[in-house]
2 protein chains.
Amino acid sequence: MPNIDGNAIAQQVLAEVKAGVEALAPLIPHVVFVRVGDDPASVSYVNKKQKTAAAAGIRSSLRLFPEETSRETLLACIDGLNADPDVHGILVQAPLPPQFDEREVFNRITPAKDVDGFTSASIGGIVQENPAATAACTPAGIIELLRRSGVATSGRHAVVVGRSLIVGKPAALLLLAKGLDATVTVAHSRTRDLGAITRQAEILIAAIGRPGFITADMVREGAVVIDVGINRVPDASRKAGYRITGDVDYAGVAPKAALITPVPGGVGPMTVAMLMRNTLAAARAAAGMRATGPQPLPANHHAVP
Amino acid sequence: MPNIDGNAIAQQVLAEVKAGVEALAPLIPHVVFVRVGDDPASVSYVNKKQKTAAAAGIRSSLRLFPEETSRETLLACIDGLNADPDVHGILVQAPLPPQFDEREVFNRITPAKDVDGFTSASIGGIVQENPAATAACTPAGIIELLRRSGVATSGRHAVVVGRSLIVGKPAALLLLAKGLDATVTVAHSRTRDLGAITRQAEILIAAIGRPGFITADMVREGAVVIDVGINRVPDASRKAGYRITGDVDYAGVAPKAALITPVPGGVGPMTVAMLMRNTLAAARAAAGMRATGPQPLPANHHAVP
């Protein structure tokens, strides 16, 4: 049960992004992060994204708004960024305070600058299998982990547990597309006899948000297991008072898996790396260059784990 | 194995649309059909759509272009229709001649007038589970057949065979959405051991385009079977020289099915009915009224076939 090393693969991706950024000079890709309020996890995520951007040679800016910001103010900010030719990518950090309709806010971003891949046009472009469409960072990162780990997907049965807009549905759509060609099942909280479904998975993607939810009895021998969960579990032995754990019971599942992503160090680092790739792609497109590489690529069919 | 009577259900939907159109008076919903070339099937489909529109009280117009029309000419036509406040719906009949990129042409239609549901924004809206998004007519018709036949979907395993943009993928996305809550598998030409997948289906949707492809041995006892195929099979005994047949071997499968759609008379009439419902919804939205009813509704959970 060798691990898929998400940190190492993310570093590969980021090195490629850095080379791509350098090749764009004197143009410097510029992504703007928009954060409303001071949710600690959001503060930490945006910091991490800014640091990673800097390391990849990408310029980033931060627009901060107080928790009580109005819908009109936030939408006006997005409109301004949409119109600014100096801005290539826009990311509004979720979750937003309750006065916002997140779908409306995300959809306000012009698709060419939608580096998060959450706008309806971006998501619809993925359904249309448009190579110029931006895939959301986490599902794109999952595909990249599979691809760079030599996991064949064509004709294989992938089971995605979770039907979120941000992970489950786009991951299923990417796996189903031509070139990847997986048979795809999406299961979720309403699924009956979930174990009977997940035990069919040659590739199992867990994106439920419940720590240790996928146990060994739910996993087929030899499956490739991708754990998307990032759950904070109270842990008095840690300085932070919690530890991060995935949706998969790693200790139980790992011995059965052909490959498995650990948490942390699996999917997490890929999400940030793919954001940088999406930003580079947006800057390249703004410079009139066709997208090359930043979109989901076919899995490496000659290698089987 | 009682049939699901698509003609009767389509007539119900059309009666509701007609009542909705009358309630909009003096505004008359207006859909424009754009046809390029004289493909006989396209001529026949557009005629059928125009007749159905007239019967529902919907005004329709036809823009005809010769086979050799340029991309620029067609896009300029769409731009003009997008800008015309007198036009509520635009439908470009597929297939287009080879000089066109169908995705580009469909995506040019402004989402508010996209009664076919093929634009990236419409499809992305379905992924986002936006109740204001327009679902493509055939998958919306499938959901309506299930709903009006009292087929419960929540927690049930639906298998969609076919991954097209027009049927397979949107049908899967609709079944997966909250309110319908099916566990959904999408299988296709690359699926290994297809029978092992289809035999799990409590709801089986066949959208492959191969006559009689789904045979009895591939169907679970008591399944609800929706046959989306419209295949022309040579038949010297018919005046037309062909007969229309589905993707399901009806004679073999019907005895095992709890419910089954015949071909013709199943999904086919629903596609045109849902187009009319989408047109009414577009006209209502243009008149500043919120969408009520024209979007996919939750299945009728209290009834089980």
So B:P98 fits all but one of (1) more than 18 Å from the chain's Cα centre (by Cα); (2) touching a residue at least 12 places away in the same chain (Cβ under 8 Å); what number is the exception?
(2)
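Does the stretch A:198-205 include one or more residues that are within 19 Å of the chain's Cα centre (by Cα) and within 15 Å of B:A182 (Cβ to Cβ)?
We begin by selecting, within the stretch A:198-205, every residue within 19 Å of the chain's Cα centre (by Cα); these are A:203-205.
Still in the running and within 15 Å of B:A182 (Cβ to Cβ): none.
Among the residues of the stretch A:198-205, not one is within 19 Å of the chain's Cα centre (by Cα) and within 15 Å of B:A182 (Cβ to Cβ), which makes the answer no.
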In the stretch A:108-122, how many are within 8 Å of chain B (Cβ to nearest Cβ) and under 16 Å from A:V34 (Cβ atoms)?
1
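Please enumerate the residues belonging to the stretch A:61-92 that are in a loop (DSSP other than H, G, I, E, B) and within 20 Å of A:A283 (Cα to Cα).
So the first thing to find is which residues in the stretch A:61-92 are in a loop (DSSP other than H, G, I, E, B), and the list is A:66-70, A:84-88.
Across the stretch A:61-92, the qualifying residues are A:D84, A:P85, A:D86, A:V87, A:H88.
Whether any residue in the stretch A:136-144 is touching a Lys or Arg at 6+ places or on another chain (Cβ under 7 Å) and of a type in the set (D, E, K, R) is what I want to check. Before you say what the answer is, go through the steps one by one.
Step one: filter the stretch A:136-144 for residues touching a Lys or Arg at 6+ places or on another chain (Cβ under 7 Å), giving none.
There is no residue in the stretch A:136-144 that is touching a Lys or Arg at 6+ places or on another chain (Cβ under 7 Å) and of a type in the set (D, E, K, R).
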Between a residue in the stretch B:45-60 that is assigned to a loop (DSSP other than H, G, I, E, B) and any residue that is loosely packed, with under 14 Cβ neighbours inside 10 Å, which pairs come within a Cβ distance under 7 Å, given they are 6 or more apart or on different chains?
B:G57/B:E22
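Can you confirm whether the stretch A:187-195 contains a residue that is under 23 Å from A:G141 (Cβ atoms) and surrounded by fewer than 24 Cβ atoms within 10 Å (Cβ to Cβ)?
Step one: list which residues in the stretch A:187-195 are under 23 Å from A:G141 (Cβ atoms), which gives A:187-188.
Subset that is surrounded by fewer than 24 Cβ atoms within 10 Å (Cβ to Cβ): A:188.
Among the residues of the stretch A:187-195, at least one is under 23 Å from A:G141 (Cβ atoms) and surrounded by fewer than 24 Cβ atoms within 10 Å (Cβ to Cβ), which makes the answer yes.
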Tell me which residues, restricted to the stretch B:45-61, are surrounded by fewer than 21 Cβ atoms within 10 Å (Cβ to Cβ) and either closer than 18 Å to B:F106 by Cβ or modelled with pLDDT under 95 (or both).
B:Y45, B:V46
Restricting to the stretch A:133-158, name every residue that is within 10 Å of chain B (Cβ to nearest Cβ) and under 17 Å from the mean Cα position of the chain (by Cα).
A:A133
How many of the residues making up the stretch A:103-116 are acidic (D, E) and not in a helix (DSSP H, G or I)?
2
Quick one: would you say A:A291 is modelled with pLDDT under 95, in a loop (DSSP other than H, G, I, E, B), in the same structural domain as A:G212 (by TED's automatic domain parsing) and not basic (K, R)?
no
Which count do you get for residues in the stretch B:169-190 that are facing chain A (nearest Cβ under 9 Å), in contact with a strand residue (DSSP E or B) (Cβ under 9 Å, 6 or more places away or on another chain) and either part of a helix (DSSP H, G or I) or in contact (Cβ under 8 Å) with a residue 24 or more places away in the chain (or both)?
11
Of the conditions (1) under 20 Å from A:V13 (Cβ atoms); (2) more than 13 Å from chain B (Cβ to nearest Cβ); (3) part of a loop (DSSP other than H, G, I, E, B), A:F100 fails just one. Which one is it?
(1)
Filter pass, B:I9 being under 24 Å from B:P262 (Cα atoms) and out of contact with any strand residue (DSSP E or B) (no Cβ under 9 Å at 6 or more places or on another chain)
yes
Can you tell me which residue in the stretch A:191-237 is farthest from the other protein chains (Cβ to nearest Cβ), limited to those that are hydroxyl-bearing (S, T, Y) and farther than 15 Å from A:P255 by Cα?
A:S237
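The values are calculated or read from the model by the stated rules, or taken from the named source; none is laboratory data. These numbers were taken from a predicted model, which means no experiment stands behind them. Methodologically, a virtual Cβ is constructed for each residue, glycine included, from the backbone with ideal geometry; neighbour enumeration extends over all protein chains shown.
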